[in-house]
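The structure appears below as structure tokens.
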Number of protein chains: 2
Amino acid sequence: MLTDRQLFILQVIIDDFIRSAQPVGSRSLAEKEEVAFSSATIRNDMAELEDLGFIEKPHTSSGRVPSEKGYRYYVDHLLHPKKLNHQEVETINSIFVDRIYELEKVVQKSARILSELTNYTAIVLGPELKDNKVKKLQIVPLSKDAAIAIIVTDTGHVENRAFTLPEQVNASDIEKMVNILNERLVGVPLSELHDKLYKEIVVLLRRHINNYDAMLSMFAEAVDVQVSEKLFFGGKTNMLNQPEFHDVEKIRLVMNMIDQEEGMYRLISGVPTGIQVKIGKENQNAAMEHCSLITASYSIGDEQVGAIAILGPTRMEYSRVISLVDFLSHDMTKALTNLYHS
Amino acid sequence: MLTDRQLFILQVIIDDFIRSAQPVGSRSLAEKEEVAFSSATIRNDMAELEDLGFIEKPHTSSGRVPSEKGYRYYVDHLLHPKKLNHQEVETINSIFVDRIYELEKVVQKSARILSELTNYTAIVLGPELKDNKVKKLQIVPLSKDAAIAIIVTDTGHVENRAFTLPEQVNASDIEKMVNILNERLVGVPLSELHDKLYKEIVVLLRRHINNYDAMLSMFAEAVDVQVSEKLFFGGKTNMLNQPEFHDVEKIRLVMNMIDQEEGMYRLISGVPTGIQVKIGKENQNAAMEHCSLITASYSIGDEQVGAIAILGPTRMEYSRVISLVDFLSHDMTKALTNLYHS
DNA sequence: TTTAGCACTCATAATAAGAGAGTGCTAACA
DNA sequence: TGTTAGCACTCTCTTATTATGAGTGCTAAA
């Protein structure tokens, strides 16, 4: 069982290491104003903390460094949330002065600003579209055999995709089809589009359109493509500034990870509601072994639709980052809810 | 004046250095099969080449390294274009099996494949849109005061932007407006859109629509936003694999450069027709001091519309990269011209 | 004109010696 | 019993010293 003093020492060690990136020794700790014990006392407690696995020594006669378990305990029990200063609040709020229907821009800007505030890498998962409802469908023929399908959703998102026109389909067929689609599909959530097309629409098309089956399958395919949420990044290269990544070998893995959206997507999508901190190996990913990922979800109304994340070294300013991410996610939820849920 | 032998030696030095990244000495050169002179002879020629500034020594007693001037001469006069092998041709051609109207995808894929073939960073500037012609305009109201403007061009590109609806504008106004816009603007190049709106359309709108001036200015603003060509990247982190960038300081500048699209855009847009090689300081950019940039333009018909670029260390496989970039740019021109210019 | 030979240079690697920060342990102290 | 002072010990890091060797420039011979 840990004494209060030991916990205090653990906390000071971690705080210090987060600041300096240097192993911290008993002597330098004892010299701190807020620490009232002698270096020997601290050494005893350090030995205990090390036995329990909260801190470790890079080598026999060096200061101590927090272990992942130490960070974990720190995040779970020792953290006092850092209050954001006026400046920071201002900066975050400035994200939302933009025209809010330009959702992509807002999200993009969030990522940029968050990375600038933290000096880490920010990743924002744009709001999920599957619950967006169709506002308008359009087919624009480009040539004899190609056309563009356009879907506008109630949130102002526009999806478009090219598809091949079957033969024997003429302009009036297309017009009829667009009419039918709009009559029947406006208000339908994107996630149900495919089903509706094949269950309800197919019947109507059969009646009115030549070669309806080819046309429908082409269109459906165009529309069906996974409307995946998009990732936005800020400060992709910030990791290069961290002293623990002064070694090119270490950085390569991480940079590759960041740059290859797929892996990041897997990591970010499907985070639980609220704030989550994943430290080092907890990320279950070799590239992230020396990184921590702090995520926060945001919602429209009660439904979680996206996430914000900060990727930094395990030696991260947890307290400050958590506050920032928390604040932004709430702001985001507020803004989106106001917009789409009132 | 350089003798043939000196030029040959220069070429072998550069070829060797490109392969090994190590300064090359007279002895190791003399040992090569294709070199028939003694190391002493080579030393004499090297001294000459150094006097003329084509090669230099990192320090007094090390082998020689090509200077920028050396690379320049090499690229301009010594290069024998490397024939692409079957595999490479296949790979590049595979880019164009995709449905060609999915232009963004094709361009994206080009960047990826080019970076994989070269192990450098590939940048592709998507085709310019300013000569695209309007195929269809659409306004989709989202709420009382917001709407989405959509422009579809004849190349299948879809631009969309949110804008604020002025008060006193009702659904029938919008419908009228869309009709007028489509009647008058289909076939107009995007670059002339703004002018046409304010010269021809404004007159018509005045007659038919409430609050036409507010509506027009809102719409025009939405439509006016610079439809800037988009950059696509492949292998952003490939630079990390280059031994000359094993130092984090050096890499930071370059990575920042790559990541901040703006600078890259300035560098790539406005390249001349055909292949261009910019070596080191020729790029006029501190971050690119140790990099070379190989660019090739591609066209639709006779008109240059975009560019392909490879960014690598000055110690780049010029011969191979030039061939690849050249081949791809011609393929691209062919594909686009077939599509849009026939 | 080319090449062999040789002294010279200088980065790199290996080795040794100190300095210093930090530890663990013991014994004294409150 | 918990805390602290003292001290020997460990181990990294820095600096100095010394080979080692690849490579050069120069001279003289072929």
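The values are calculated or read from the model by the stated rules, or taken from the named source; none is laboratory data. Here the structure is a predicted model, which means the values were calculated and not measured. Backbone-built Cβ (ideal geometry, glycine too); neighbour counts: all protein chains shown. Side chains included, ligands, DNA and RNA excluded: accessible areas come from the protein's heavy atoms. Shrake-Rupley method; radii C 1.70, N 1.55, O 1.52, S 1.80 Å.
By definition, a body whose alpha carbon gyration tensor gives a ≥ b ≥ c is oblate when a/c is 1.5 or more and a/b is not larger than b/c, and the stretch B:145-214 fits this oblate description. Counting only DSSP beta bridges with both residues in the protein assembly as shown, what percent are antiparallel, rounded to the nearest 5? The answer is about 100 percent antiparallel. Here chain B has 48 percent of its accessible surface on carbon and sulfur atoms, given a 1.4 Å probe and all protein chains in place.
With 26 Å as the limit, the listed pairs A:Lys144/B:Lys199; A:Lys57/A:Lys82; A:Lys133/A:Lys199; A:Lys109/B:Lys281 have A:Lys144/B:Lys199; A:Lys57/A:Lys82; A:Lys109/B:Lys281 beyond it between alpha carbons.
A Cβ-based charge dipole, computed about the Cα centre of chain A with Lys and Arg at +1 and Asp and Glu at -1, lands at about 280 debye. Close amide H contacts of B:Tyr298 (hydrogens built in the peptide plane, cut-off under 5 Å, sequence separation of 5 or more or a different chain): B:Val305, B:Gly306, B:Ala307, B:Ile308.
What does the C-alpha gyration tensor say about the overall shape of the protein assembly as shown? Classify as rounded when a/c is under 1.5, otherwise prolate if a/b is larger than b/c, or oblate. Since a/c reaches 1.5 but b/c is at least a/b, the shape of the protein assembly as shown is classed as oblate.
Look at the dipole of the stretch A:4-78 built from charges on Cβ: of A:Ser28, A:Ile14, A:Thr60, the Cα furthest out on the positive end belongs to A:Thr60.
What the stretch A:2-117 shows is 54 Å² of accessible area per residue, with the surface traced by a 1.4 Å probe over protein heavy atoms. Here the dipole of the stretch B:206-342 is about 100 debye; that uses its Cα centre as origin and unit charges on the Cβ of Lys and Arg (positive) and Asp and Glu (negative).
Rolling a 1.4 Å probe over the protein heavy atoms leaves A:Lys176 with an accessible area of roughly 80 Å².
Summed over both chains, the accessible area lost when B and A associate is about 3200 Å², using a 1.4 Å probe.
In chain B, the longest principal axis of the Cα atoms and the axis of helix B:103-118 are about 10 degrees apart. Spin-label model, A:Ser94/B:Lys82: points 7 Å from Cα along the beta carbon direction are separated by 4.7 nm.
Sorted from closest to farthest, the other copies place their B:Lys105 label points 2.9 nm away, with each point set 7 Å from Cα along Cα→Cβ.
When you restrict to C-alpha pairs under 8 Å that are six or more residues apart and normalise by the size of the stretch A:147-229, the relative contact order lands at 36 percent.
Summary for A:Asn182: label point 7 Å along Cα→Cβ; distances to the equivalent points in the other copies, ascending, 0.8 nm.
When each of the peptides A:116-124, B:188-196 is scored by the mean number of other C-beta atoms lying within 10 Å of its residues, the order from highest to lowest reads A:116-124, B:188-196.
The distance between label points at B:Asn182 and B:Gln168 comes to 2.7 nm (points 7 Å beyond Cα on the Cα→Cβ vector). Basic side chains Lys and Arg get +1 at the Cβ, acidic Asp and Glu get -1 at the Cβ, and with that the dipole of the protein assembly as shown about its Cα centre reaches some 360 debye.
Averaging Cα coordinates gives a centre for the stretch B:70-141 and one for the stretch B:152-181; these two points are 33 Å apart. Ignoring lysines fewer than eight residues from A:Lys105 along the same chain, the ones with Cα atoms less than 16 angstrom from its Cα are A:Lys230, B:Lys230.
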